[in-house]
Amino acid sequence: MRNILPFLATLAIVGALTSGCSSAEKKFGRGVSNMAEIARLGEIRRSVEQTTLFANSSAEPGAHYTAGFVHGLNKTLARTGLGVFEVVTAPFPPYDPLFTNYLKPYPQYPDNYKPDIIDDSLFATDNDMGFSGVSIAPWIPGSRFTIFNSP
């Protein structure tokens, strides 16, 4: 019993600091989203795409892929570190996004992919009628193929 009291006291203090404050919730959510960037690799995909499309054509052929990857890796590591910082400091001000001159507040996606709500029976109201589509191989990262997904 003696060992659990400090844990419960810490939990109560954290709960008191974060309850009722939507800014802390937004900061925590933004931090978790940014921490997941290292698994999502959106910054790398976007940087490779943007560097490939807009790189100087007089440079070494194929160098834009490598330069885009390195730039994206730098931004991925920065975003992941910022996410860890925001999760740890979520109960404390300031609640506004940090380092916005280098990173946008929320994770980025390549221009050729815009995320949408997952086509799932949870969100599809016509699933019982048999008209709703489903995601094909949703366990494969980057799988965007769906059946009956209207734009």
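At-a-glance table
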| read-out | value |
| --- | --- |
| Sole residue being of a type outside the set (Ser, Thr, Tyr), farther than 22 Å from Thr89 by Cβ, part of a helix (DSSP H, G or I) and modelled with pLDDT of 80 or more, chosen from Arg46, Arg30 | Arg46 |
| Members of the range 54-99 found to be surrounded by fewer than 19 Cβ atoms within 10 Å (Cβ to Cβ), modelled with pLDDT under 85 and more than 27 Å from Gly29 (Cβ to Cβ), listed by number | Phe54, Ala55, Asn56, Ser57, Ser58, Ala59, Glu60, Pro61, Gly62, Ala63 |
| Residue check for Leu122: exposed (fewer than 15 other Cβ atoms within 10 Å of the Cβ), hydrophobic (A, V, I, L, M, F, W, C), out of contact with any Asp or Glu (no Cβ under 7 Å at 6 or more places or on another chain) and at pLDDT 85 or above | no |
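The values are calculated or read from the model by the stated rules, or taken from the named source; none is laboratory data. Bear in mind the structure is a predicted one, so any value in this text is a computation, not a measurement. Positions of Cβ are backbone-derived with ideal geometry, glycine not excepted, and every protein chain shown enters the neighbour counts.
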